[in-house]
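First the structure, in the form of structure tokens, and then the observations on it.
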Amino acid sequence: MTEASPLRWTVAPWRFLLLSLLPGCSPPAESDTEPRWRIVAEALPGALFSVTGTAKDDVWVVGADRGDDAGPSIAHFDGSDWETHASGLDAGDLFWVHAFEDGPVYAAGTNGALLRYDGGAFEKVPTPAERDVWGVWGPNPGDLWAVGGDANAGTGFVWRDRGDGFEPVDVGEDAPSPSAWYKVWGTASDDVWFCGVSGALMHYDGDSFEAVDAGTTRTLLTLHGRPDASRITAVGGQFSATLVSSVAGKAWRDVTPEEPTLQTFGVFHRGEAAYSVGMQTTVLRLDGDAWSEEPTGLDLYQDFHAVWIAPGGEVWAAGGQIIAPPFTSGTLIHKGRTAPPAIEF
């Protein structure tokens, strides 16, 4: 038995090599002992604005109009391969995607676009107005929130769908009224957070909306936290980063790294882990109570707009040319032990 073992290990690699050369067979995926960052896509025709999912084999990315009369970019990863999806829109950009386990999936974008996918095709959901929708989230498919607005004109809006379609929400006179609400996130129907222009931060407790002091007057673009709300982080800034956080329900405070850091656009928590991403491929990681930059080792210069941590700990970041139109050069990177296949549109 012991003499046969070395022979088995010697033959096995040749067997796998021969199989990889046969038609229809792919070589084993590249893997490492320690997780590392790899490029999954770069220079796609449309920038990628959002990445999310429910498991490592259920990952969604959405993004900008590809400029080929096919509308926004949408793709799904099932753990083995990518599948692109038609949006049903002739033109426009998608800024955010939110997926429920076992469906459905919602995507939000320009001119009041809210799309719903439930195993068939993406369909447009009626909305109260043709205004840019920057974020969509819900504790369950029967209770959805959407937010948006125009940072250069007008007033930000909040919409809610409790099963009868999206309707405008009156947040009350004591709540903030920024020119744009950028994201909505929460832990339950009675614990919902909103962030927006000029440090606007608002909380909904199931009955009313309350303005919250974010500890900054700089724009907050995304917020996310742990399921028990023991730590919530909002990120943004303008050219330079701003990160604010509330821990254990205490007052929000500035947790921006002391080292000069470029503006951040996205943030995501998963257990004790958290990442934030931003301009010029900036990647920040939470270590204890402090945020610090994590080098990716990749030769990239595009901006990242969103980050997502899969339940198993793999990390995805999506971006491209996102600061100003045309929104091009779609970029997607992944941190893990195994290299995902490249994504193409």
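Values computed for the structure shown
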quantity	calculated
Estimated FRET transfer efficiency (A342, A229; beta-carbon r; R0 35 Å; 0.05)	0.40
Rg/Rh ratio calculated on Cα atoms of the chain (Kirkwood radius)	1.01
Estimated 222 nm signal from helices in the chain, with DSSP H stretches of n ≥ 4 weighted -39500 (n - 2.57), rounded to 500	-2000 deg cm²/dmol
Fewest-first ranking of K183, K335, K250, K56, using other Cβ atoms within 10 Å as the exposure measure	K250, K56, K335, K183
Ranked list, fewest to most other Cβ atoms within 10 Å of each Cβ, for T338, T217, T33	T33, T217, T338
Distance from the stretch 125-147 to the stretch 217-285 (C-alpha centre basis), Å	23
Relative contact order %, the chain, counting alpha carbon pairs below 8 Å whose residues are six or more apart	17
Listed residues G320, S230, F49: farthest to the positive end of the dipole of the chain (Cβ charges)	G320
Placed amide H near G138: partners under 5 Å, 5+ positions off or other chain	W145
Between 0 and 90°, nearest 10: helix 4-21 axis offset from the chain longest Cα axis	60
Eligible aspartates and glutamates near K124 by straight Cα distance, threshold 19 Å, same-chain separation 8 or greater	D65, D69, D90, D93, D132, D143, D161, D164, E167
Summed residue charge, Cβ within 9 Å of R160's Cβ, Lys/Arg positive, Asp/Glu negative	-2
Check: the chain dipole with +1 on Lys, Arg Cβ and -1 on Asp, Glu Cβ, in debye	760
Order of D118, D228 under a 10 Å beta carbon neighbour criterion, fewest first	D228, D118
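FYI, it's all coordinate maths here, none of it is from the lab. Please read all numbers here as calculations on a predicted model, not as lab measurements. Every residue, glycine among them, receives a Cβ derived from its backbone with ideal geometry; neighbour counts consider all protein chains shown.
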